[in-house]
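Each reported figure results from applying straightforward, stated rules to the coordinates on display, with no laboratory input. Values in this document were obtained by computation on a predicted structure and should not be read as measured data. So basically every Cβ, Gly included, is an ideal-geometry build from the backbone, and we count neighbours across all protein chains shown.
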Amino acid sequence: MVEKIEHQGILLAIIIRANYEKDGISFFTPNDFSQQLGYMNRKKGYLIEPHIHKLIERKVVLTQEVLYIKSGKVLVNFYDEAQRYLENRIVSTGDVILLANGGHGFEMLEDSEMIEIKQGPYVGEEDKVRFKS
């Protein structure tokens, strides 16, 4: 299952649940997103030709994160750009979530391991505005 969380027409997040399955390849993000999220399900023997990605200068103005929940259960709280709480979702072992826009915070509901993927370079605390939930 794939769930899109939106607020006033703005995509906040995409959750791909651990049980999602589909043949072939699917991309869940628009082409203009700086972080692309896709899924592949290929049969044994399928080949992806070797390739190199071209050097193309890109302008990234918003950090978008992808979290893979390796184990555990995490409550994800969503906020709008004005730092107002909107809603929440629980992600669990095997789920993947793309945090596309707005604010977010997390509470570990169980001991949890997550793998985070986001654009770089990371500029430390200059990269974030922290606020109270």
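Within the chain, what's the longest stretch lacking trypsin sites (Lys or Arg not before Pro) that sit in DSSP loops with no more than 13 other Cβ atoms inside 10 Å? Numbers along the way, then the final one.
Working: sites that count: K22, R42, K43, K44, K54, R58, K59, R84, K128, R130, K132.
Counting at most 13 other Cβ atoms within 10 Å as exposed, the longest clean stretch of the chain is 85-127.
Sort D111, D95 so the one with the fewest other Cβ atoms within 10 Å of its own Cβ comes first. The partial results should precede the final answer.
Numbers: D111 8, D95 23.
The fewest-first ordering by Cβ neighbours comes to D111, D95.
For L109, list long-range residues whose amide hydrogen, built 1.01 Å from N in the peptide plane, is under 5 Å from its own amide hydrogen.
When sequence neighbours closer than 5 places are left aside, the close amide H contacts are K73, V74, L75.
So for F28, F78, fewest C-beta neighbours within 10 Å to most, what's the order? Before the final figure, lay out each step's value.
Details: F28 18, F78 21.
Placing the least packed residue first, the sequence is F28, F78.
Mind listing which GluC sites (Glu not before Pro) in region 52-133 are in a DSSP loop and have 12 or fewer other Cβ atoms within 10 Å?
On the way: sites: E57, E65, E81, E87, E107, E110, E113, E116, E125, E126; in loops: E57, E81, E110.
Here the GluC sites (Glu not before Pro) that fit, given the DSSP loop and packing criteria, are E57, E81, E110.
Give me D32, D80 ranked fewest to most by other Cβ atoms within 10 Å of their Cβ, as a rough exposure proxy. Let's see the in-between values first.
Working: D32 5, D80 15.
If I rank by nearby Cβ atoms, fewest first, I get D32, D80.
Relative contact order for the chain: what is it in percent, counting Cα pairs under 8 Å that are at least 6 residues apart?
Working: 231 pairs, mean separation 34.3, N = 133.
After rounding, I find 26 percent.
Among M40, L62, H7, whose Cα projects farthest towards the positive end of the dipole of region 1-62, with charges put on the beta-carbon of Lys, Arg (+1) and Asp, Glu (-1)?
M40
In debye, nearest 20, what is the charge dipole magnitude of the chain about its Cα centre with +1 on Lys and Arg Cβ and -1 on Asp and Glu Cβ, if you could check?
Numbers: 17 positive and 20 negative charges, 74 e Å.
Magnitude of the dipole: close to 360 debye.
Roughly speaking, what is the stretch gain from A18 to R58, that is 0.36 nm per residue apart minus the C-alpha to C-alpha distance, in nm to one decimal?
Values: separation 40, 0.36 × 40 = 14.40 nm, distance 3.11 nm.
Contour length minus Cα-Cα distance gives 11.3 nm.
Once the mean 1/r over all distinct Cα pairs of the chain is inverted, what Kirkwood radius in angstroms do you read off?
On the way: mean 1/r = 0.0607 Å⁻¹.
Across the chain, the inverse of the average 1/r is 16.5 Å.
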